[in-house]
Amino acid sequence: MSHSVTRALFDQVMVPNYAPAQFIPVRGEGSRVWDQDGREFVDFAGGIAVNSLGHCHPALVAALTEQAGKLWHVSNTLTNEPALKLAKYLTENTFAERVFFSNSGAEANEAAFKLVRKYASDHFGAEKHEIVSCKSSFHGRTLFTVSVGGQPKYTEGFAPVPGGIRHVEYNSIESLKAAISDKTCAVVVEPVQGEGGVLPASREFLEAARALCDAHNALLVFDEVQTGVGRSGSLYAYMEYGVTPDILTSAKSLGGGFPVGAMLTTEKVAKSFGVGTHGSTYGGNPLACAVAHKVLEIVNTPEVLAGVRAKSQRFVDGLNAINAKYGVFKEVRGLGLLLGGVLTDAYAGRAKDFMLAAERHQLMALVAGVNVVRFAPSLVIPDADIDEGLKRFEAAVAEVVGQTA
Ligand SMILES: Cc1ncc(COP(=O)(O)O)c(C=O)c1O
(Lines give C-alpha, C1' and ligand atoms only; values in the text may rest on other atoms or scores of the structure.)
Protein backbone atom coordinates (compact mmCIF):
# COMPACT_ATOMS: atom_id res chain seq x y z
CA MET A 1 0.00 0.00 0.00
CA SER A 2 1.38 3.45 -0.80
CA HIS A 3 0.81 6.33 1.59
CA SER A 4 1.09 10.09 1.18
CA VAL A 5 2.88 10.21 4.54
CA THR A 6 5.69 7.74 5.10
CA ARG A 7 8.33 6.99 7.72
CA ALA A 8 10.96 8.28 5.25
CA LEU A 9 9.43 11.74 5.60
CA PHE A 10 10.50 11.74 9.26
CA ASP A 11 14.14 11.77 8.21
CA GLN A 12 13.50 14.64 5.80
CA VAL A 13 11.52 17.02 7.97
CA MET A 14 12.16 16.20 11.63
CA VAL A 15 15.06 17.12 13.90
CA PRO A 16 16.90 13.79 14.28
CA ASN A 17 16.64 13.54 18.10
CA TYR A 18 14.28 10.54 17.94
CA ALA A 19 14.57 7.19 16.18
CA PRO A 20 10.93 6.10 15.84
CA ALA A 21 9.83 2.65 14.71
CA GLN A 22 9.48 2.00 11.00
CA PHE A 23 5.69 1.62 11.18
CA ILE A 24 3.33 4.55 11.69
CA PRO A 25 0.34 3.94 13.96
CA VAL A 26 -2.88 5.52 12.74
CA ARG A 27 -5.59 4.18 15.04
CA GLY A 28 -5.94 2.76 18.53
CA GLU A 29 -8.69 1.16 20.56
CA GLY A 30 -8.13 -0.10 24.11
CA SER A 31 -4.80 -1.93 24.09
CA ARG A 32 -4.69 -2.53 20.35
CA VAL A 33 -3.14 -0.24 17.76
CA TRP A 34 -3.24 -0.40 13.95
CA ASP A 35 -0.60 0.94 11.57
CA GLN A 36 -0.98 2.47 8.10
CA ASP A 37 -1.08 -0.99 6.55
CA GLY A 38 -3.75 -2.27 8.93
CA ARG A 39 -1.30 -4.39 10.93
CA GLU A 40 -2.63 -4.78 14.46
CA PHE A 41 -0.34 -4.48 17.50
CA VAL A 42 -0.86 -5.30 21.17
CA ASP A 43 0.24 -2.28 23.20
CA PHE A 44 2.38 -3.07 26.26
CA ALA A 45 4.08 0.34 26.00
CA GLY A 46 1.14 2.64 26.64
CA GLY A 47 2.90 5.61 25.07
CA ILE A 48 5.59 5.26 27.79
CA ALA A 49 3.22 4.94 30.77
CA VAL A 50 0.82 7.56 29.42
CA ASN A 51 -2.24 5.84 27.94
CA SER A 52 -3.59 4.91 31.37
CA LEU A 53 -6.98 3.95 29.98
CA GLY A 54 -5.77 2.63 26.65
CA HIS A 55 -6.51 4.31 23.34
CA CYS A 56 -9.65 6.31 22.66
CA HIS A 57 -11.44 5.34 25.89
CA PRO A 58 -15.06 6.38 25.20
CA ALA A 59 -15.35 8.34 28.49
CA LEU A 60 -12.21 10.34 27.67
CA VAL A 61 -13.33 10.96 24.09
CA ALA A 62 -16.63 12.23 25.51
CA ALA A 63 -14.93 14.47 28.12
CA LEU A 64 -12.61 15.94 25.49
CA THR A 65 -15.25 16.53 22.82
CA GLU A 66 -17.71 17.98 25.33
CA GLN A 67 -15.10 20.49 26.53
CA ALA A 68 -13.96 21.14 22.94
CA GLY A 69 -17.45 22.43 22.20
CA LYS A 70 -17.38 24.79 25.20
CA LEU A 71 -14.05 26.50 25.85
CA TRP A 72 -10.51 25.66 24.70
CA HIS A 73 -8.23 28.18 26.30
CA VAL A 74 -8.30 31.35 28.37
CA SER A 75 -4.73 31.63 29.81
CA ASN A 76 -3.97 32.20 33.46
CA THR A 77 -5.15 35.78 33.44
CA LEU A 78 -8.46 33.99 34.01
CA THR A 79 -9.23 30.75 35.78
CA ASN A 80 -11.57 28.07 34.44
CA GLU A 81 -13.97 25.44 35.71
CA PRO A 82 -12.16 22.25 34.56
CA ALA A 83 -8.88 23.40 36.18
CA LEU A 84 -10.57 24.21 39.48
CA LYS A 85 -12.51 20.93 39.48
CA LEU A 86 -9.32 18.97 38.78
CA ALA A 87 -7.36 20.81 41.48
CA LYS A 88 -10.19 20.19 43.96
CA TYR A 89 -10.18 16.49 43.10
CA LEU A 90 -6.41 16.24 43.55
CA THR A 91 -6.44 18.05 46.90
CA GLU A 92 -9.34 15.93 48.17
CA ASN A 93 -7.67 12.67 47.18
CA THR A 94 -4.01 13.21 48.12
CA PHE A 95 -1.90 14.85 50.83
CA ALA A 96 -1.84 18.06 48.81
CA GLU A 97 -3.57 21.33 49.57
CA ARG A 98 -2.43 23.30 46.52
CA VAL A 99 -1.87 22.48 42.84
CA PHE A 100 0.11 24.04 39.98
CA PHE A 101 -0.64 22.82 36.46
CA SER A 102 1.89 22.35 33.68
CA ASN A 103 1.92 20.65 30.29
CA SER A 104 4.48 17.93 30.90
CA GLY A 105 6.44 16.05 33.52
CA ALA A 106 9.57 18.10 32.99
CA GLU A 107 7.63 21.31 33.55
CA ALA A 108 6.00 19.94 36.70
CA ASN A 109 9.49 19.10 37.97
CA GLU A 110 10.90 22.45 36.85
CA ALA A 111 8.20 24.08 38.97
CA ALA A 112 9.01 21.78 41.91
CA PHE A 113 12.76 22.47 41.72
CA LYS A 114 12.22 26.22 41.51
CA LEU A 115 9.76 26.07 44.39
CA VAL A 116 12.11 24.20 46.74
CA ARG A 117 14.82 26.84 46.11
CA LYS A 118 12.36 29.70 46.61
CA TYR A 119 10.90 28.18 49.78
CA ALA A 120 14.36 27.69 51.27
CA SER A 121 15.39 31.20 50.25
CA ASP A 122 12.22 32.67 51.80
CA HIS A 123 12.59 30.78 55.10
CA PHE A 124 16.31 30.12 55.57
CA GLY A 125 18.32 32.27 53.14
CA ALA A 126 20.19 31.78 49.88
CA GLU A 127 22.84 29.43 51.34
CA LYS A 128 20.24 26.68 51.65
CA HIS A 129 19.97 25.84 47.97
CA GLU A 130 21.39 22.35 47.43
CA ILE A 131 19.19 19.77 45.79
CA VAL A 132 20.01 16.13 46.54
CA SER A 133 18.94 13.71 43.83
CA CYS A 134 19.72 10.10 42.93
CA LYS A 135 22.11 8.57 40.46
CA SER A 136 20.32 7.05 37.44
CA SER A 137 17.23 9.16 38.12
CA PHE A 138 15.30 10.84 35.33
CA HIS A 139 13.28 14.01 35.78
CA GLY A 140 12.83 15.44 32.28
CA ARG A 141 14.76 17.21 29.52
CA THR A 142 14.82 20.90 30.45
CA LEU A 143 18.25 22.13 31.49
CA PHE A 144 17.34 22.16 35.20
CA THR A 145 15.64 18.76 35.11
CA VAL A 146 18.45 17.03 33.21
CA SER A 147 20.84 18.52 35.78
CA VAL A 148 18.85 17.19 38.72
CA GLY A 149 18.53 13.90 36.85
CA GLY A 150 21.25 11.40 37.63
CA GLN A 151 22.23 10.34 34.10
CA PRO A 152 25.26 12.35 32.93
CA LYS A 153 24.66 11.42 29.26
CA TYR A 154 21.71 13.85 29.21
CA THR A 155 23.79 16.90 30.20
CA GLU A 156 26.77 16.13 27.96
CA GLY A 157 27.33 19.00 25.54
CA PHE A 158 24.87 21.30 27.29
CA ALA A 159 27.21 22.99 29.77
CA PRO A 160 27.13 25.24 31.66
CA VAL A 161 24.31 23.55 33.56
CA PRO A 162 22.65 24.69 36.80
CA GLY A 163 24.74 23.96 39.89
CA GLY A 164 24.04 23.19 43.54
CA ILE A 165 22.95 19.61 42.83
CA ARG A 166 24.37 16.48 44.48
CA HIS A 167 23.74 12.91 43.43
CA VAL A 168 23.56 9.95 45.82
CA GLU A 169 23.23 6.20 45.31
CA TYR A 170 19.57 5.21 44.96
CA ASN A 171 18.41 3.10 47.89
CA SER A 172 21.57 3.86 49.90
CA ILE A 173 20.69 5.50 53.21
CA GLU A 174 24.42 5.93 53.96
CA SER A 175 24.99 7.80 50.71
CA LEU A 176 21.99 10.05 51.41
CA LYS A 177 23.16 10.73 54.97
CA ALA A 178 26.60 11.70 53.68
CA ALA A 179 25.18 14.20 51.15
CA ILE A 180 22.40 15.88 53.10
CA SER A 181 23.25 18.91 55.24
CA ASP A 182 21.74 22.15 56.43
CA LYS A 183 22.52 23.53 52.96
CA THR A 184 20.07 21.03 51.45
CA CYS A 185 16.78 22.57 50.35
CA ALA A 186 15.29 19.35 48.97
CA VAL A 187 15.71 15.66 48.33
CA VAL A 188 14.18 14.48 45.05
CA VAL A 189 13.26 10.82 44.55
CA GLU A 190 11.32 8.66 42.10
CA PRO A 191 9.49 5.99 44.15
CA VAL A 192 10.33 3.65 41.28
CA GLN A 193 13.14 4.70 38.95
CA GLY A 194 11.45 4.35 35.58
CA GLU A 195 13.93 5.37 32.90
CA GLY A 196 16.72 4.25 35.23
CA GLY A 197 15.68 0.59 34.93
CA VAL A 198 12.28 0.07 36.64
CA LEU A 199 13.92 -0.09 40.03
CA PRO A 200 11.65 0.33 43.07
CA ALA A 201 12.83 2.28 46.10
CA SER A 202 13.04 0.36 49.33
CA ARG A 203 10.59 1.47 52.00
CA GLU A 204 13.55 2.06 54.35
CA PHE A 205 15.16 4.44 51.86
CA LEU A 206 12.04 6.55 51.46
CA GLU A 207 11.44 6.58 55.22
CA ALA A 208 15.04 7.64 55.81
CA ALA A 209 14.69 10.37 53.17
CA ARG A 210 11.60 11.66 54.98
CA ALA A 211 13.34 11.62 58.39
CA LEU A 212 16.53 13.24 57.07
CA CYS A 213 14.56 15.98 55.29
CA ASP A 214 12.70 16.72 58.53
CA ALA A 215 15.96 16.80 60.51
CA HIS A 216 17.51 19.29 58.05
CA ASN A 217 14.48 21.46 57.24
CA ALA A 218 14.57 20.20 53.67
CA LEU A 219 11.58 19.38 51.49
CA LEU A 220 10.96 15.89 50.16
CA VAL A 221 9.95 15.81 46.49
CA PHE A 222 8.54 12.66 44.90
CA ASP A 223 8.67 12.58 41.14
CA GLU A 224 5.61 10.46 40.36
CA VAL A 225 5.48 11.38 36.69
CA GLN A 226 5.87 7.70 35.77
CA THR A 227 4.50 6.00 38.92
CA GLY A 228 1.45 8.20 39.43
CA VAL A 229 -2.26 7.88 38.73
CA GLY A 230 -2.87 4.27 39.59
CA ARG A 231 0.16 2.71 37.95
CA SER A 232 1.48 1.40 41.29
CA GLY A 233 -1.88 -0.07 42.35
CA SER A 234 -2.55 3.00 44.53
CA LEU A 235 -3.51 6.43 43.19
CA TYR A 236 0.08 7.54 43.87
CA ALA A 237 3.00 5.32 44.84
CA TYR A 238 3.65 7.33 48.02
CA MET A 239 0.41 5.80 49.33
CA GLU A 240 1.78 2.35 48.58
CA TYR A 241 4.92 3.14 50.62
CA GLY A 242 3.20 5.10 53.40
CA VAL A 243 5.74 7.95 53.08
CA THR A 244 4.30 11.39 52.34
CA PRO A 245 6.31 13.99 50.41
CA ASP A 246 6.03 17.79 50.62
CA ILE A 247 5.83 18.08 46.85
CA LEU A 248 4.70 15.51 44.27
CA THR A 249 4.84 15.81 40.51
CA SER A 250 2.45 14.04 38.17
CA ALA A 251 2.05 13.90 34.38
CA LYS A 252 2.03 11.01 31.86
CA SER A 253 -0.95 8.83 32.99
CA LEU A 254 -2.71 11.92 34.39
CA GLY A 255 -3.87 12.95 30.95
CA GLY A 256 -4.28 9.46 29.53
CA GLY A 257 -2.65 10.76 26.32
CA PHE A 258 -3.61 14.42 26.54
CA PRO A 259 -0.61 16.57 27.58
CA VAL A 260 -0.93 17.72 31.19
CA GLY A 261 1.23 17.86 34.30
CA ALA A 262 0.70 18.87 37.89
CA MET A 263 2.76 19.78 40.90
CA LEU A 264 1.04 19.06 44.19
CA THR A 265 2.12 20.55 47.50
CA THR A 266 1.05 21.84 50.88
CA GLU A 267 -0.40 25.27 51.60
CA LYS A 268 2.69 26.26 53.59
CA VAL A 269 5.13 25.44 50.79
CA ALA A 270 2.86 26.82 48.06
CA LYS A 271 2.99 30.26 49.67
CA SER A 272 6.50 30.73 48.27
CA PHE A 273 5.04 30.79 44.75
CA GLY A 274 3.36 34.19 45.11
CA VAL A 275 1.89 36.12 42.19
CA GLY A 276 4.40 36.53 39.38
CA THR A 277 6.99 34.04 40.68
CA HIS A 278 6.23 31.26 38.19
CA GLY A 279 3.78 30.52 35.42
CA SER A 280 2.80 28.85 32.15
CA THR A 281 0.56 29.96 29.29
CA TYR A 282 -1.06 26.58 28.82
CA GLY A 283 -0.91 25.22 32.39
CA GLY A 284 -4.46 24.49 33.54
CA ASN A 285 -5.80 24.41 29.98
CA PRO A 286 -9.53 23.50 30.07
CA LEU A 287 -9.25 20.66 27.53
CA ALA A 288 -6.35 19.04 29.39
CA CYS A 289 -8.01 19.44 32.79
CA ALA A 290 -11.38 18.09 31.64
CA VAL A 291 -9.66 14.94 30.36
CA ALA A 292 -7.42 14.54 33.43
CA HIS A 293 -10.38 14.87 35.78
CA LYS A 294 -12.17 12.06 33.95
CA VAL A 295 -9.02 9.91 34.01
CA LEU A 296 -8.81 10.30 37.80
CA GLU A 297 -12.50 9.59 38.33
CA ILE A 298 -12.13 6.30 36.46
CA VAL A 299 -8.71 5.22 37.75
CA ASN A 300 -9.22 6.14 41.40
CA THR A 301 -11.81 3.44 42.06
CA PRO A 302 -11.35 0.24 44.05
CA GLU A 303 -12.14 -1.86 40.95
CA VAL A 304 -9.51 -0.27 38.70
CA LEU A 305 -6.82 -0.14 41.41
CA ALA A 306 -7.47 -3.77 42.41
CA GLY A 307 -7.41 -4.58 38.70
CA VAL A 308 -3.92 -3.06 38.39
CA ARG A 309 -2.65 -5.38 41.15
CA ALA A 310 -4.29 -8.46 39.62
CA LYS A 311 -3.07 -7.61 36.12
CA SER A 312 0.42 -6.94 37.48
CA GLN A 313 0.47 -10.44 38.95
CA ARG A 314 -0.76 -11.94 35.67
CA PHE A 315 2.04 -10.11 33.84
CA VAL A 316 4.73 -11.15 36.33
CA ASP A 317 3.56 -14.78 36.26
CA GLY A 318 3.54 -14.75 32.46
CA LEU A 319 6.99 -13.17 32.20
CA ASN A 320 8.39 -15.60 34.77
CA ALA A 321 6.93 -18.53 32.81
CA ILE A 322 8.61 -17.26 29.62
CA ASN A 323 11.81 -16.76 31.57
CA ALA A 324 11.67 -20.32 32.93
CA LYS A 325 11.88 -21.53 29.31
CA TYR A 326 14.43 -19.11 27.89
CA GLY A 327 16.44 -17.79 30.87
CA VAL A 328 16.80 -14.25 29.56
CA PHE A 329 15.96 -12.36 32.74
CA LYS A 330 17.87 -12.11 36.03
CA GLU A 331 14.77 -10.71 37.60
CA VAL A 332 11.31 -9.35 36.80
CA ARG A 333 10.76 -6.26 38.96
CA GLY A 334 8.67 -3.14 39.34
CA LEU A 335 5.44 -2.07 40.92
CA GLY A 336 1.90 -2.48 39.63
CA LEU A 337 1.84 -2.04 35.88
CA LEU A 338 5.33 -0.56 35.61
CA LEU A 339 7.37 -3.71 35.11
CA GLY A 340 10.84 -4.53 33.87
CA GLY A 341 12.67 -7.69 32.89
CA VAL A 342 16.34 -7.29 33.78
CA LEU A 343 18.46 -9.11 31.20
CA THR A 344 20.99 -11.72 32.28
CA ASP A 345 24.68 -11.12 31.60
CA ALA A 346 24.43 -13.21 28.42
CA TYR A 347 22.04 -10.60 26.95
CA ALA A 348 23.53 -7.54 28.64
CA GLY A 349 23.10 -4.36 26.61
CA ARG A 350 20.53 -5.95 24.27
CA ALA A 351 17.18 -4.65 25.59
CA LYS A 352 16.55 -2.90 22.29
CA ASP A 353 16.93 -6.18 20.37
CA PHE A 354 14.06 -7.60 22.43
CA MET A 355 11.95 -4.51 21.81
CA LEU A 356 12.57 -4.65 18.06
CA ALA A 357 11.84 -8.38 17.95
CA ALA A 358 8.59 -7.69 19.83
CA GLU A 359 7.68 -5.12 17.16
CA ARG A 360 8.21 -7.76 14.44
CA HIS A 361 5.73 -9.93 16.35
CA GLN A 362 3.26 -7.04 16.55
CA LEU A 363 3.81 -6.17 20.16
CA MET A 364 4.73 -2.70 21.38
CA ALA A 365 7.16 -2.86 24.33
CA LEU A 366 9.74 -0.46 25.82
CA VAL A 367 13.26 -0.44 27.12
CA ALA A 368 14.55 1.26 30.28
CA GLY A 369 18.25 1.68 29.62
CA VAL A 370 20.14 -1.00 27.72
CA ASN A 371 19.54 -3.89 30.14
CA VAL A 372 15.84 -3.73 30.97
CA VAL A 373 12.82 -4.54 28.81
CA ARG A 374 10.00 -2.41 30.19
CA PHE A 375 6.23 -2.78 30.11
CA ALA A 376 3.83 0.05 31.01
CA PRO A 377 0.47 -0.90 29.50
CA SER A 378 -2.99 0.55 30.00
CA LEU A 379 -4.22 0.13 33.58
CA VAL A 380 -7.38 -1.47 32.21
CA ILE A 381 -5.79 -3.75 29.64
CA PRO A 382 -8.08 -6.78 29.22
CA ASP A 383 -6.63 -10.06 30.51
CA ALA A 384 -7.06 -11.52 27.00
CA ASP A 385 -4.77 -8.78 25.64
CA ILE A 386 -2.18 -9.48 28.35
CA ASP A 387 -2.21 -13.16 27.38
CA GLU A 388 -2.01 -12.42 23.65
CA GLY A 389 0.78 -9.87 24.19
CA LEU A 390 2.75 -12.33 26.30
CA LYS A 391 2.36 -14.96 23.56
CA ARG A 392 3.84 -12.49 21.09
CA PHE A 393 6.58 -11.56 23.55
CA GLU A 394 7.50 -15.21 23.92
CA ALA A 395 7.83 -15.47 20.14
CA ALA A 396 10.08 -12.38 20.21
CA VAL A 397 12.24 -13.85 22.97
CA ALA A 398 12.52 -17.12 21.07
CA GLU A 399 13.65 -15.16 18.02
CA VAL A 400 16.36 -13.27 19.94
CA VAL A 401 17.54 -16.40 21.75
CA GLY A 402 17.54 -18.32 18.44
CA GLN A 403 19.67 -15.64 16.82
CA THR A 404 22.12 -15.90 19.65
CA ALA A 405 22.45 -19.67 19.54
C1 LIG B 1 10.06 10.09 36.42
C2 LIG B 1 9.95 11.04 35.26
N3 LIG B 1 9.99 12.35 35.48
C4 LIG B 1 9.87 13.23 34.48
C5 LIG B 1 9.71 12.83 33.17
C6 LIG B 1 9.59 13.84 32.07
O7 LIG B 1 8.27 13.93 31.64
P8 LIG B 1 7.94 14.63 30.24
O9 LIG B 1 8.57 13.81 29.18
O10 LIG B 1 6.43 14.65 30.19
O11 LIG B 1 8.52 16.00 30.30
C12 LIG B 1 9.67 11.46 32.90
C13 LIG B 1 9.54 10.99 31.50
O14 LIG B 1 9.88 9.91 31.16
C15 LIG B 1 9.79 10.54 33.97
O16 LIG B 1 9.76 9.23 33.75
Completion exercise
Across the stretch 312-338, the tally of residues that are of a type in the set (A, V, I, L, M, F, W, C), surrounded by 15 or more Cβ atoms within 10 Å (Cβ to Cβ) and not in a strand (DSSP E or B) stands at 6
Exercise for the section: Could you please let me know if PRO259 is at pLDDT 95 or above and open to solvent by less than 20 Å² (accessible area, probe 1.4 Å)? Expected result: no
Fill in the blank from the handout: Taking first residues from the stretch 252-269 that are more than 20 Å from ALA45 (Cβ to Cβ) and more than 11 Å from the ligand (Cβ to nearest atom) and second residues anywhere that are among the acidic types (Asp, Glu) and part of a loop (DSSP other than H, G, I, E, B), the pairs with Cβ under 8 Å that are 6 or more apart or on different chains are THR265/GLU97; THR265/ASP246; THR266/GLU97; THR266/ASP246; GLU267/GLU97; VAL269/ASP246
Exercise for the section: Give me a count of the residues in the stretch 367-405 that are open to solvent by 10 Å² or more (accessible area, probe 1.4 Å), touching a residue at least 60 places away in the same chain (Cβ under 8 Å) and assigned to a helix (DSSP H, G or I). Expected result: 9
Practice task
Please specify each residue of the stretch 127-165 satisfying the condition of being part of a loop (DSSP other than H, G, I, E, B), away from the ligand (no atom under 15 Å from the Cβ), in contact with a helix residue (DSSP H, G or I) (Cβ under 7 Å, 6 or more places away or on another chain) and in contact (Cβ under 8 Å) with a residue 24 or more places away in the chain.
Solution key: LYS128, HIS129
Practice task
Tell me, please, whether a residue that is in contact with a Lys or Arg (Cβ under 8 Å, 6 or more places away or on another chain) and within 26 Å of VAL295 (Cα to Cα) can be found in the stretch 63-78.
Solution key: yes
Exercise for the section: Within the stretch 342-369, work out how many residues are over 26 Å from ARG39 (Cα atoms) and of a type outside the set (Val, Ile, Thr). Expected result: 7
Fill in the blank from the handout: When restricted to ARG39, ARG27, ARG98, the only residue crowded, with 17+ Cβ neighbours inside 10 Å and out of contact with any His (no Cβ under 7 Å at 6 or more places or on another chain) is ARG98
Practice task
Mind listing just one residue for me: the one in the stretch 216-225 that is within 16 Å of the ligand (Cβ to nearest atom) and outside any strand (DSSP E or B) and, of those, most open to solvent (accessible area, probe 1.4 Å)?
Solution key: VAL225
Exercise for the section: Evaluate the following for CYS213: is it assigned to a strand (DSSP E or B) and of a type outside the set (A, V, I, L, M)? Expected result: no
Exercise for the section: Would you check if there is a residue in the stretch 169-176 being without any contact (Cβ under 8 Å) to a residue 40 or more places away in the chain, under 21 Å from the mean Cα position of the chain (by Cα) and on the phi > 0 side of the Ramachandran plot? Expected result: yes
Problem - ALA208 vs. criteria away from the ligand (no atom under 16 Å from the Cβ) and either modelled with pLDDT of 95 or more or at negative phi (or both) - result: yes
Practice task
Would you check if there is a residue in the stretch 295-310 being surrounded by 13 or more Cβ atoms within 10 Å (Cβ to Cβ), in contact (Cβ under 8 Å) with a residue 40 or more places away in the chain and not in a helix (DSSP H, G or I)?
Solution key: yes
Completion exercise
Of the listed residues (VAL189, VAL168), the one being away from the ligand (no atom under 16 Å from the Cβ), under 27 Å from ASN371 (Cβ atoms) and crowded, with 19+ Cβ neighbours inside 10 Å is VAL168
Practice task
Count, please, the residues in the stretch 193-210 that happen to be out of contact with any helix residue (DSSP H, G or I) (no Cβ under 6 Å at 6 or more places or on another chain) and either part of a loop (DSSP other than H, G, I, E, B) or open to solvent by 10 Å² or more (accessible area, probe 1.4 Å) (or both).
Solution key: 12
Exercise for the section: From the list TYR238, TYR282, pick out the single residue that is among the aromatic types (Phe, Trp, Tyr), assigned to a loop (DSSP other than H, G, I, E, B) and either within 16 Å of the ligand (Cβ to nearest atom) or in contact (Cβ under 8 Å) with a residue 60 or more places away in the chain (or both). Expected result: TYR282
Fill in the blank from the handout: Conditions (1) touching a helix residue (DSSP H, G or I) at 6+ places or on another chain (Cβ under 8 Å); (2) among the basic types (Lys, Arg); (3) open to solvent by 50 Å² or more (accessible area, probe 1.4 Å) -> LYS268 fails only (1)
Handout entry: Restricting the stretch 226-235 to residues that are within 14 Å of LEU338 (Cβ to Cβ) and either more than 11 Å from the ligand (Cβ to nearest atom) or not polar (S, T, N, Q) (or both), the residue that is surrounded by the fewest Cβ atoms within 10 Å (Cβ to Cβ)
Key = SER234
Problem - Of all residues making up the stretch 106-151, the number that are of a type in the set (Phe, Trp, Tyr) and surrounded by fewer than 22 Cβ atoms within 10 Å (Cβ to Cβ) - result: 2
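The values are calculated or read from the model by the stated rules, or taken from the named source; none is laboratory data. Here the structure is a predicted model, which means the values were calculated and not measured. Please note: Cβ atoms are built from the backbone with ideal geometry, for glycine as well, and neighbour counts cover all protein chains shown. Side chains included, ligands, DNA and RNA excluded: accessible areas come from the protein's heavy atoms. Shrake-Rupley method; radii C 1.70, N 1.55, O 1.52, S 1.80 Å.
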